[in-house]
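Inspection log for the structure reproduced underneath, given as C-alpha cells.
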Amino acid sequence: MITSALHWAGAHAPALLSLGVPAAQDPQKPDQHWQLPVKASSFATEHDQLYTFVEWINYVFFFGIMAVLFYSVVRYRRRREDQPPASTSTHNTAMEVTWTVIPLIVVMVIFALGWKGYAEMSLAPGDSLQFEVSARRWEWSFKHPGHDEFYTRELWVPVNRPCQLTMSSRDVLHSFYIPAFRVKRDVLPGRYQTLWFKPTMVGDYHIFCTEYCGDQHSLMIGTVHVVTEAEWDAFMSGAKQPPWNAWTGDAAVDGKKFYQQKCSSCHSTDGSPGTGPSFKGSWGTTKPVLDTATGQDVQMAFDEAYVRMSVRDPNRHIAKGDPKYGPPSPMTKFSTSEVPDERIEWIIAFLKTLK
Ligand code: HEC
Ligand SMILES: [Cu+2]
C-alpha cells in the first residue's frame, strides 16, 4: 500500500516538480520512475522503490523544515529595538528526543532495505552463466560462455537467466555500470570483482565506465544486448553464428572490425591526433625511432614486422621528436589471448588498405 502510494506520487511528481521539463517516460512502462532509466533487470523494481522512498523523505523534510523556518521567522521576528527575547529556554528534552529518534528510525529503515538489496546483489545464484570482463583504457572486453576469446565493447546475454561477470582491469581503476540493470561495481587491476544480474527485458542497453580513468574515459562505453532464450540457445548450439565470433574470412574486412575494437580508441585512420599516432598514410613510410633495447637511433620502416613489434612490445621503439609518446608508452602490451597473432595479420591487411 505504501509503495503504491509512493508510486502514484512518483508518477505525478514530474507535473508537480519538473516545472515543464519533459520527463523521459517509457510508454511501455508507465511505472517507470521519472528520473530513472527503463527497468531491465530483476533488481530494478526494488531499487526504484528504495530510491522513491528516499526521495520522498527528502521532500517531506525539506518542505517541513522550510515551513517551520518561515513561520518562525515571521511569527517571532523582533518588532522593537528593546524587545526582550521571547523565550529563555536552552533546551527541550521531549523535542530533542523526538528529532533524534525519528531520523534514527528513518535511517535504520533505509539501512535495512539497502542491506537487503546489497546482500541479494552480492550473491549470484549457483546456476548463473559465467562471463569474464577485462577493462583497459578505454574499452570493455567480454568473454562469452563456450568461447575463449574476448570481444570488445559488446556483451550478449539471454533474458531471464542469471549472469555473473568476473571482472578485472589491465591498467587503472575503472567502474562497470549498466544503469538499466541498476548494477555497478569498481574494476581494479590485480584483483577479481564479481557482479551479477538477471535481465528481464529484451533490448540493447548502455554500459558505462563511471570512474574517471584518463582523457578518453567518456569513450569507455559499450552495449549489452539482451536476446531471447531461443536466440541464445541457437548461439550456444552453433545453429546461429554468435555475433562475438562473426568473422567474414576476409582479412582486411575482419582487420578493420578488429581495429575498431582494439586500436581505434588511440589510433585514428583519418589523420586526427589521438593517444597514439594516426595510421593514416603510415604504411610503408620510414621514421626515426629510438631502439630502447640497444639505445640506438634507427630508421624504422612501418611494415609487417614493425606492427607486430608495436603490439607485442610497444616500448621497444619510441618515436623521436614527440615527447608525448616518450616512455613509458601508454600503449599497453597486448597478450596473445587479447590479440592473437592471426589478428595482427588481419590488422596488417587492413593497414595496407589505408595508404
Ligand atoms: C591505449 C592506447 C593505445 C591502444 C589501445 C593501441 N595503441 Fe598502438 N600506440 C599507442 C601509443 C601511445 C603509441 C606510440 C608509442 C611510442 O611511440 O612509443 C603507439 C604506437 C603504435 C604503433 C607504431 C606507430 C608509429 O607510427 O610509429 C603501431 C604500429 C601500433 N601502435 C599498433 C597498434 C595496434 C595494432 C593496436 C590494436 C591492436 C594498438 N596499437 C592499440 C597507443 C595505443
Ligand atoms: Cu574506465
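Values in this text are rule-based calculations from the coordinates and carry no lab data. These numbers come from a predicted model, not from an experiment. All Cβ positions, even for glycine, are placed from backbone atoms using ideal geometry, and neighbour counts span all protein chains on display.
With a cut-off of 13 Å between beta carbons, the residues surrounding ASN160 carry a summed charge of -2, where Lys and Arg count +1 and Asp and Glu -1. Taking N as the residue count of the chain, its C-alpha radius of gyration divided by 2.2 N^0.38 Å amounts to 1.38. Each Lys or Arg adds one and each Asp or Glu takes one away; over the other residues whose Cβ falls under 15 Å from the Cβ of TRP283, this sums to +2.
In sequence order, the stretch 143-152 has phi-based couplings of 9, 8, x, x, 9, 9, 10, 7, 10, 9 Hz under the Karplus curve 6.51 cos²θ - 1.76 cosθ + 1.60, θ = phi - 60°, and Gly or Pro positions carry x. Of LYS287, LYS257, LYS198, which is the most mobile in a GNM of the chain whose springs link Cα atoms less than 10 angstrom apart? Checking each option, the largest mean-square fluctuation is seen for LYS287. Among GLY146, GLY64, GLY284, the residue with the largest mean-square fluctuation in a Gaussian network model of the chain, with springs joining Cα atoms closer than 10 Å, is GLY64. The residues packed around TRP247, meaning those with a beta-carbon under 13 Å from its beta-carbon, carry a net charge of -2 if Lys and Arg are +1 and Asp and Glu are -1.
Kirkwood Rh over Cα pairs of the stretch 129-245 into Stokes-Einstein at 4 °C, 1.567 mPa s: D in µm²/s?
Values: Rh = 14.3 Å.
It diffuses with D of about 91 µm²/s by this estimate.
Percent antiparallel among DSSP beta bridges with both residues in the chain, to the nearest 5? Intermediate values should be presented prior to the final figure.
On the way: 36 of 49 bridges.
Among the beta bridges of the chain, antiparallel pairing accounts for roughly 75 percent.
To the nearest 20 debye, what is the magnitude of the charge dipole of the chain about its Cα centre, counting +1 on the Cβ of each Lys and Arg and -1 on the Cβ of each Asp and Glu?
In debye, rounded to 20, the chain gives about 900.
Which order do the peptides 224-230, 138-144 come out in when sorted by mean C-beta neighbours inside 10 angstrom, highest first?
Details: 224-230: 16.6, 138-144: 22.4.
Per-residue mean Cβ counts within 10 Å order the peptides as 138-144, 224-230.
Taking a 31 Å limit on the Cα-Cα distance, which of the listed pairs LYS257/LYS333; LYS333/LYS355; LYS184/LYS352; LYS257/LYS287; LYS262/LYS287; LYS143/LYS287 fall beyond it?
Details: LYS257/LYS333 20 Å; LYS333/LYS355 26 Å; LYS184/LYS352 41 Å; LYS257/LYS287 27 Å; LYS262/LYS287 24 Å; LYS143/LYS287 37 Å.
Too far apart for the 31 Å limit: LYS184/LYS352; LYS143/LYS287.
Of the peptides 267-273, 78-84, 181-187, the order by per-residue mean of other Cβ atoms within 10 Å, starting with the highest, comes out as 181-187, 267-273, 78-84.
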